[in-house]
Amino acid sequence: MSDQILLRTDEGGTATLVLNRPDKLNALDYPLIDALASALDDIETDDAIGSVILTGAGRKAFCAGADIKCFSSSVNAGVEIALRDFVRRGQRLTSRLETFPKPIIAAVNGLAFGGGCEMTEAVPLAIAAESASFAKPEIRLGFPPPFGGTQRLPRLVGRKRALKMLLTGEPITAGEAAGIGLVNDVVPDEELLPAARDLAGKVMAHSRLAVAACLAAVTRGINLPIDEGLAVEATQFGRMVPTRDIREGIGAFLERRTPSFGGH
Ligand code: COA
């Protein structure tokens with residue numbers, strides 16, 4: 001694994017992925033994007049891992065966005081290369097984070113600008129340190145956000161709130177981000193990783209199959225008309241019907257005991 005990504009897995013099955021370019025505020029250059037995508041591929045097939053925490057190295061930044069020096073050469077090479085090497089690479093990453101079958105919690109430890117904000121939008125759960133801040137500074141560089149930021153942010157927080165961030169480029173605080181639904185919670189800086197692990201533990205106490213079904217139903221359904229979304233929900237429920245986990249969950253309730261899910 002590249003040293004731009006650090007991966008630690010704890011005994012409870014939570015992997016912590018650390019963006020590790022602190023001297024560049026964990027800006028996403030192409031090797032870092034590719035290393036993150038590759039780490040997610042490894043985690044997806046590793047049965048010992050049930051959830052993921054994504055955070056940044058250093059005290060200052062979660063991620064300062066796409067690496068401007070890196071992608072500027074793609075922009076200078078023209079539309080085809082810019083879309084192929086920069087835009088689609090970043091969009092693939094945020095879509096992968098959004099649709100990953102195991103829960104990913106962003107632990108936003110500092111500034112989350114540009115692509116850092118887009119990764120926060122894409123993952124299903126996020127906790128911010130009090131010192132974190134969020135911004136869409138791309139407008140100042142002369143272009144709209146290209147890693148899903150014009151699409152996910154308005155769906156997440158509403159059109160006007162999103163457009164204020166997109167059109168001004170001004171940062172918002174962690175508290176403001178929680179207020180508009182960009183992150184779930186704000187905690188003191190030193191409690192960030194414990195809070196993320198605690199949240200991961202609460203999720204992983206449940207059936208892994210049911211967790212994956214909730215993630216798939218919400219992520220696939222949210223951009224569909226309600227009747228199609230309900231069909232997605234029914235499909236996900238139907239996938240649980242033949243499993244032992246659904247029998248265990250219902251049986252444990254009826255027998256007044258704590259369920260023990262095996263993930264099958
Ligand atoms: N791409 C490439 N390098 C970046 C970067 C980015 N998005 N963000 C920060 N860096 C680098 C800086 O160039 C600097 O490197 P250097 O020490 O080799 O010169 C280092 O990270 C530290 O950044 P610096 O600007 O000195 O920190 P700061 O505290 O003064 O400012 C920011 C922090 C985030 C306000 C500022 O770095 C910034 O505006 N970054 C760009 C954010 C952005 O536009 N992101 C979207 C890109 S599409």
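Derivation of every value follows stated rules applied to the coordinates shown; laboratory data play no part. Quick caveat: nothing in here was measured; it's all calculated off a predicted structure. Note that we place each Cβ from the backbone using ideal geometry, even for glycine, and neighbour counts take in every protein chain shown.
Do the sum for the chain: with -39,500 (n - 2.57) for every DSSP H run of n ≥ 4, divided by all residues, what is the mean residue ellipticity at 222 nm, to the nearest 500 deg cm²/dmol?
Mean residue ellipticity, 222 nm, calculated: -14000 deg cm²/dmol.
Taking only the alpha carbons of region 213-264, what extent do you get along each of the three principal axes, in Å, biggest first?
If we take the Cα atoms of region 213-264, the spans are 39, 18, 16 Å.
Would you mind telling me the antiparallel percentage of the DSSP bridges in the chain, rounded to 5?
25
For region 129-227, state the semi-axes of the equivalent ellipsoid (square roots of 5 times the eigenvalues of the alpha-carbon gyration tensor), sorted largest first and rounded to whole angstrom. Could the numbers behind the result be given before it?
Values: eigenvalues 147, 92, 22 Å².
Working through the eigenvalues yields semi-axes of 27, 21, 10 Å.
Just to check, using Stokes-Einstein with a Kirkwood Rh over alpha carbon pairs, what's the diffusion coefficient of region 59-181 at 20 °C and 1.002 mPa s in µm²/s?
Answer, rounded: 147 µm²/s.
With a cut-off of at most 14 other beta carbons within 10 Å, and DSSP calling the residue loop, which trypsin sites (Lys or Arg not before Pro) in region 1-110 qualify? Please list them.
For trypsin sites (Lys or Arg not before Pro) across region 1-110 that sit outside H, G, I, E and B with at most 14 neighbouring Cβ atoms in 10 Å, the list reads ARG59, LYS60.
In whole Å and largest first, what semi-axes does the C-alpha gyration tensor of region 146-202 yield when each eigenvalue is scaled by 5 and square-rooted?
On the way: eigenvalues 129, 34, 18 Å².
Semi-axes (√(5λ), whole Å): 25, 13, 10.
What residue among GLY169, GLY110, GLY56 shows peak mean-square fluctuation when the chain is described by a Gaussian network model with Cα springs under 10 Å?
GLY169
Run the dipole for region 6-61 about the Cα centre, Lys and Arg Cβ at +1, Asp and Glu Cβ at -1, nothing else charged, and hand back the magnitude in debye, nearest 20.
I would put it at about 520 debye.
Which value does Rg/Rh take for the chain over its C-alpha atoms, Rh per Kirkwood?
Taking Rh as the inverse mean 1/r over Cα pairs, Rg/Rh reads 0.99.
Of all DSSP beta bridges in region 1-139, what percent run antiparallel (nearest 5)?
So the antiparallel bridges in region 1-139 amount to around 20 percent.
Taking the convex hull of the Cα atoms, report for region 1-125 its projected area averaged over all directions, in nm².
That works out to 7.2 nm², a quarter of the Cα hull's surface.
Taking the Cα centre of each part, how many Å lie between region 105-175 and region 81-103?
What the calculation gives is 16 Å, centre to centre.
Restricting the count to DSSP beta bridges whose residues both fall in region 78-201, what percent are antiparallel, rounded to a multiple of 5? Kindly include the intermediate steps, with their values, before the conclusion.
Values: 2 of 12 bridges.
Just about 15 percent of them are antiparallel.
For the pairs LYS60/LYS202; LYS60/LYS136; LYS60/LYS160, note any where the Cα-Cα span goes beyond 19 Å.
Long pairs (Cα-Cα over 19 Å): LYS60/LYS202; LYS60/LYS160.
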